[in-house]
Amino acid sequence: MLSQHRPGASAQRRVSWAHRADARTLTPSRMAATGIVGLVAGGTALLACPLASADGHPTDVVTALFTAVSAVSLTGLAIVDTGSHFSTFGEAVIITLIQTSGLGVMTLATLLGIALSRRLQISQRRVAEAEGRMLAPGRFRTTVLAAVILTLTCEATAAVVMAVRFAVAYDMSAGEAVWQGLFHAISAFNNAGFSLSPNNLISYHSDGWILLPIAASVIIGGLGYPVLADITRKVLRRGSRPWSMTTSITVQMTLLLLAVGTVGFAISEFHWTFADLGPGAFALNSFFAAVTPRTAGFNAIDYGEASPATLLLTDVLMFFGGGSAGTAGGLKVTTLAVVLAAVSAEFAGRRDTCVGRRIVPAAAVRQALAVLTSGLVLLVVSIIVLRLLEPSMNADAVTFEVISAFGTVGLSAGITADLSVPSLLMLCVVMLVGRLGPFTLVAALALRRSDRHFSYPEERPYIG
């Protein structure tokens, strides 16, 4: 007897396939790419219009595009002086792009966490929630709202301190002081590095009331939203629950890199740009120079006059960047920590890669190695291409520029404005890849599905 056809079953299958297609289409990485492209296109159009320039003339498309990409990627590289070239409207467009992009990174990182949570087994999900990673889908709105409140609170605090200082010490009007304080606070917390001063922060190199609020904002914003949420929850609730592995790694690596950077810059610049500074300004600038390469891009010294050792140390700090799921760029300190832990485990003959008293999953180790290798390959190729495009420029300066773009830092040895149009367009690509690359790569690796139900025979090759 033939079975009767049920129209409802066919409709259900079509709905099921539609849901699967939507799930495959609306991935965090695709959402990030779409959002970034939309922001860049809108920002370029607004910055190119006459209303955005101080002289009332349209800005050329390349300058508008480069500035928009630099703002959206939270980099800070510029080919024109932001404070003098753009009008207040243009400056408002830039700072809006920075704030929107910074909050967008946090939102997409939370979505990625939720997507990963849905793929975990129940036991794994309980462990993740116990570590305070806030991956539960029901907490999405709470997480986003908390991050927005934290962002605005930190930015407002830094803005007030700097606005008062600008008004009192630099004879600015109340409106100008407030705008300067707000612009620099938003730029600092989002690790963007844009400044309204002609020489960035060199004019304030001995003013702790300006440099320290900016440094604090850079450090806090660069920790990453999951880490900030973990720290805030522990402080407010005063619980005994330990920090998650991510929080522990990020905090410890941040303190380590700040200490190493401060001492390193104090030594490398002792007879160079710090030679004429007093003890207080010397210590302040050594610390500030260690903070900003980790993706902020503010500079209180002229990197075009810095020592070769300073450029090399800055290259290293820019490459690894700050914390994950935040406004920092680079490969992230968690990637560095996991790779170092894997190397240490191999030297010690241990089977497992451990950080603290936790075992790092083998998949996470492979992801860290994939991110590191991909970043190195991109850097090498980009440096070679830029060297070919700009054969007359100093090799160290070219390398510095590319690493700064990839790490979305914004520091420059003074060659950005002298680059040709093809070089500027290439740096735009590097900045966007630096902003999106690590996130999309990790998302693709973490959310990938493998349907292979067999394994190949094992054979060990010679290594080294």
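The values are calculated or read from the model by the stated rules, or taken from the named source; none is laboratory data. Here the structure is a predicted model, which is why all the values come from computation and not from measurement. For neighbour counting, all protein chains shown are included, and Cβ atoms are generated from backbone atoms with ideal geometry for every residue, glycine included.
Odds and ends about this structure:
- The one condition from (1) modelled with pLDDT of 95 or more; (2) in a loop (DSSP other than H, G, I, E, B); (3) within 30 Å of LEU378 (Cα to Cα) that ASP315 does not meet is (2).
- Index of the failed condition, ILE383 passing every other in (1) in a loop (DSSP other than H, G, I, E, B); (2) surrounded by fewer than 23 Cβ atoms within 10 Å (Cβ to Cβ); (3) at pLDDT 95 or above: (1)
- Residue match in region 430-448 (condition: surrounded by fewer than 22 Cβ atoms within 10 Å (Cβ to Cβ), modelled with pLDDT under 90 and at positive phi): no
- Filter result for ALA370 (touching a Gly at 6+ places or on another chain (Cβ under 9 Å) and either in contact (Cβ under 8 Å) with a residue 24 or more places away in the chain or on the phi < 0 side of the Ramachandran plot (or both)): no
Residues checked against (1) out of contact with any Gly (no Cβ under 8 Å at 6 or more places or on another chain); (2) farther than 27 Å from PRO279 by Cα; (3) modelled with pLDDT of 95 or more; (4) not hydrophobic (A, V, I, L, M, F, W, C):
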{"residue": "ALA158", "(1), (2), (3), (4)": "no, no, yes, no"}
{"residue": "ALA174", "(1), (2), (3), (4)": "yes, yes, yes, no"}
{"residue": "TRP179", "(1), (2), (3), (4)": "yes, yes, yes, no"}
{"residue": "PRO198", "(1), (2), (3), (4)": "no, no, no, yes"}
{"residue": "LEU201", "(1), (2), (3), (4)": "yes, no, yes, no"}
{"residue": "ASP207", "(1), (2), (3), (4)": "yes, no, yes, yes"}
{"residue": "ALA216", "(1), (2), (3), (4)": "yes, no, yes, no"}
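- For GLY224, the conditions (1) touching a Ser or Thr at 6+ places or on another chain (Cβ under 6 Å); (2) free of Cβ contacts under 8 Å to residues at least 12 places away in the same chain are fulfilled apart from (2).
- Residue in region 210-257 that is surrounded by the most Cβ atoms within 10 Å (Cβ to Cβ), counting only those that are over 17 Å from the mean Cα position of the chain (by Cα) and among the hydroxyl-bearing types (Ser, Thr, Tyr): SER244
- Residue count, region 330-373 (criterion: part of a helix (DSSP H, G or I) and touching a Phe, Trp or Tyr at 6+ places or on another chain (Cβ under 8 Å)): 3
- For first residues located in region 343-356 and in contact (Cβ under 8 Å) with a residue 60 or more places away in the chain, partners that are hydroxyl-bearing (Ser, Thr, Tyr) and lie 6+ apart or on another chain with Cβ distances below 7 Å form the pairs GLY356/SER248.
- Listed by position, the helices (runs of 4 or more DSSP H) enclosed by region 45-145 that each have at least 3 residues that are touching a Cys at 6+ places or on another chain (Cβ under 7 Å), under 30 Å from LEU427 (Cα atoms) and modelled with pLDDT of 80 or more are 61-72.
- In the set THR295, THR399, THR314, only one residue is out of contact with any His (no Cβ under 6 Å at 6 or more places or on another chain) and either among the charged types (D, E, K, R) or closer than 25 Å to TRP243 by Cα (or both); that residue is THR295.
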